[in-house]
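Reviewing the structure listed below.
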C-alpha cells in the first residue's frame, strides 16, 4: 500500500528539513579538536551512504592533531610552488545560471571579508586559506577506485553529502573542498595513496568560529520549479 500523508513520519521529515536548512560551508574553524567518539559516530553515519551496486568505493584519509598541522603546512608550501594536478578535470567554464550562482557566492564571500574585487592580493590570500584548511582541526580526503570511473566519483559525492549532513546533526561544521583535490599528486605522496585510487575532494571539519565575518553569509538555492521538468502524458 502506498504511504499516505498521515502515515508519513513527519518528525523524520522535519528533522531532515532542519538539518538541510541549517547546513552551511564553514570557512573559519575554532582550534579545538572533535572528540574521537564523535568523529567515529560521524564516520558511522557517513558509511550508510548508498552507492552503485553497493560498491562503497570511498576511502577516507582523516587527520587530527599533529597530522593536521603537518598537512596544513606542507600543502600550503606545495601549492605556492607547484601547478595544480587534479585526478579529475575541473570544469572548463561556467556559463549562464551556473556562472551567476558562482559569482553570487564569491561576492558574498569577499563582501563578508570587506575584500574589494580590485584587491588581488587579499583575494589570493583568501584563496590560499583553502590549503590552510580554514584552521580546521581535522581534514578528510575522499578517494575512489580508479576502475570505477565516473560512477565511483558520483558515489563519493553522495558520501560527501552524507558526511556533511551527519556533521551538522552532530553539532559540527564542515567545508567540502574541491580545491584540495586540485593537488592530488601531493596528497597521493603525502598519504601514500595507492596508484589505483583517485582523489575526489577534501573536507575540513571541526567547530565553527561563529564570530568570524566569513561565517556570516548563507548561499541561496534555486526553486524546484526551475530545477525540475515534469512530464505527465
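All of the numbers you see were taken from the coordinates with simple rules; none came from a lab. Nothing here was measured: the structure is a model prediction, and the numbers come from that model. Neighbour counts are summed over all protein chains in view; Cβ atoms, including those assigned to glycine, are modelled from backbone coordinates with ideal geometry.
Points worth noting:
- Peptides 124-131, 87-94 ranked from most to least packed by the mean count of surrounding Cβ atoms within 10 Å: 124-131, 87-94.
- Across the alpha-carbon set of the stretch 1-79, the Rg to Rh ratio works out to 1.10, Rh being the Kirkwood radius.
- Peptides 72-79, 182-189, 50-57 ordered by packing proxy, namely the average of other Cβ atoms within 10 Å per residue, highest first: 182-189, 72-79, 50-57.
- Helical runs assigned H by DSSP (4 residues or longer) give the chain a calculated mean residue ellipticity at 222 nm of -13000 deg cm²/dmol, each run adding -39500 (n - 2.57) before division by the residue total.
- Per-bin percent of Cα-Cα distances, the stretch 97-233 [10 Å]: 10, 31, 36, 19, 4, 1
- For the chain, the fraction of alpha-carbon pairs lying more than 21 Å apart is 63 percent, rounded to a whole number.
- Whether the stretch 1-135 is rounded, prolate or oblate, judged on the alpha carbon gyration tensor where a/c under 1.5 counts as rounded: prolate
- C-alpha center-to-center spacing [the stretch 5-51, the stretch 65-101] in angstrom: 25
- Sequence ranges 139-146, 64-71, 30-37, ranked by mean other-Cβ count within 10 angstrom, highest first: 139-146, 64-71, 30-37
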